[in-house]
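The values are calculated or read from the model by the stated rules, or taken from the named source; none is laboratory data. Worth saying up front: this structure is predicted, and the values here are computed from it rather than measured. Reconstructed Cβ throughout: ideal geometry from the backbone, glycine too, with neighbour counts over all protein chains shown.
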Amino acid sequence: MKIIMLGAPGAGKGTQAKKIAEKYQIPHISTGDIFRANIKAGTELGNKAKTYMDQGLLVPDELVVDLVVDRLAQEDCANGYVLDGFPRTIPQAESLDAALAKLGEKMEYAIDVNVPDENIVKRMGGRRACVGCGATYHIEFNPPKKEGTCDSCGENLILRDDDKPETVQKRLGVYHEQTQPLIDYYTNAGILKTVDGTVDMNDVFTSIVQILGE
Ligand code: ADP
Ligand code: AMP
């Protein structure tokens, strides 16, 4: 099962991708998480990516595409994967299709988690991310058991720098300009499925399971 999650920043792609990965036993591959892990580890890739991420801009395609194509070649991806945050531009989608075509494969589902901009700002202001394992919470919609502490690993929860209101507006603009065209791209490919992302996260997941099958 090869799945792409589409949607604005904060639409709930990561939340749903984790649930999909668990139910269908496929890896969850988040380019944002890969960059954040590289930033934490102080790698060259992390340092390069950080300058773009802090400004709410996309990391250049050439720093993203090879990274993902290499990741998809790993053994755990043999039965599929759920891609979260990639592709984010038409050239990334084209590179992904070309890499899959070389293997005689095709993307199977592009799931658009649809949430209007008004809701996004509230979502991202309340998002808290674990500095240890990257788990995400929401102070109102999905709070941790103990405020400020990750349920899974006990590390601290923080507001991501790029979730601050000024950067969120910038990221939304970048989304509409560079990522939203992928809706047409995958509609034309015949694999776009749209779910209402404004409802409770468990109900969003129910709609996704209806698409992917039990
Ligand atoms: P994305 O991966 O698309 O950037 P996340 O999955 O991190 O988005 O979700 C953004 C924030 O919104 C998180 O704090 C998350 O807990 C919360 N969230 C996700 N889905 C929902 C939902 N259906 N309703 C309310 N809040 C949600
Ligand atoms: P995310 O965790 O998916 O919200 O991603 C956080 C940030 O990482 C984005 O705002 C971008 O700066 C960068 N990023 C993640 N995935 C990509 C991608 N596919 N292409 C370019 N930049 C990306």
- Item | Scan of segment 91-120 for residues that are closer than 18 Å to CYS77 by Cα and exposed (fewer than 11 other Cβ atoms within 10 Å of the Cβ), ordered by number | ALA101, LYS102, LEU103, GLY104
- Search result, residues across segment 7-28 that are within 11 Å of ligand 2 (Cβ to nearest atom) and either in a helix (DSSP H, G or I) or at negative phi (or both): ALA8, PRO9, ALA11, LYS13, GLY14, ALA17
- Take the residues in segment 32-63 that are more than 16 Å from ligand 1 (Cβ to nearest atom) and of a type in the set (Val, Ile, Thr), then tell me which one is farthest from LEU103 (Cα to Cα). THR51
- Criterion: more than 14 Å from TYR175 (Cβ to Cβ) and within 13 Å of ligand 1 (Cβ to nearest atom) - qualifying residue of ALA135, ALA110: ALA135
- Task: Could you tell me whether segment 34-52 includes any residue that is farther than 23 Å from LEU159 by Cβ, basic (Lys, Arg), surrounded by 15 or more Cβ atoms within 10 Å (Cβ to Cβ) and out of contact with any Cys (no Cβ under 7 Å at 6 or more places or on another chain)?
- Result: yes
- Query: Is it the case that LYS50 is more than 23 Å from ALA189 (Cα to Cα) and either within 10 Å of ligand 2 (Cβ to nearest atom) or touching a residue at least 12 places away in the same chain (Cβ under 8 Å) (or both)?
  - Reply: yes
- Message: Restricting to segment 39-93, and then to whatever is touching a Ser or Thr at 6+ places or on another chain (Cβ under 6 Å) and on the phi > 0 side of the Ramachandran plot, can you tell me which residue is modelled with the highest pLDDT?
- Response: GLY85
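Can you name the residue in segment 91-116 that is more than 30 Å from ASP200 (Cα to Cα) and of a type in the set (S, T, N, Q) and is also nearest to the chain's Cα centre (by Cα) among such residues?
Here the answer is GLN92.
With surrounded by 13 or more Cβ atoms within 10 Å (Cβ to Cβ), under 22 Å from LEU212 (Cα atoms), of a type in the set (Val, Ile, Thr) and in contact (Cβ under 8 Å) with a residue 24 or more places away in the chain as the only criterion, which of VAL59, VAL69, VAL64, VAL82 stands out?
Numbers: VAL59 fails: under 22 Å from LEU212 (Cα atoms); VAL69 fails: under 22 Å from LEU212 (Cα atoms); VAL64 fails: under 22 Å from LEU212 (Cα atoms).
From the options VAL59, VAL69, VAL64, VAL82, the qualifying one is VAL82.
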- Message: I'm told GLY125 meets every condition in (1) in contact with a Cys (Cβ under 6 Å, 6 or more places away or on another chain); (2) of a type outside the set (Asp, Glu); (3) within 10 Å of ligand 1 (Cβ to nearest atom) except one. Can you identify the failing condition by its number?
- Response: (1)
- Go over the candidates ASP162, ASP203 one by one and state the one that is part of a helix (DSSP H, G or I), acidic (Asp, Glu), within 26 Å of ALA110 (Cα to Cα) and touching a helix residue (DSSP H, G or I) at 6+ places or on another chain (Cβ under 7 Å). ASP162
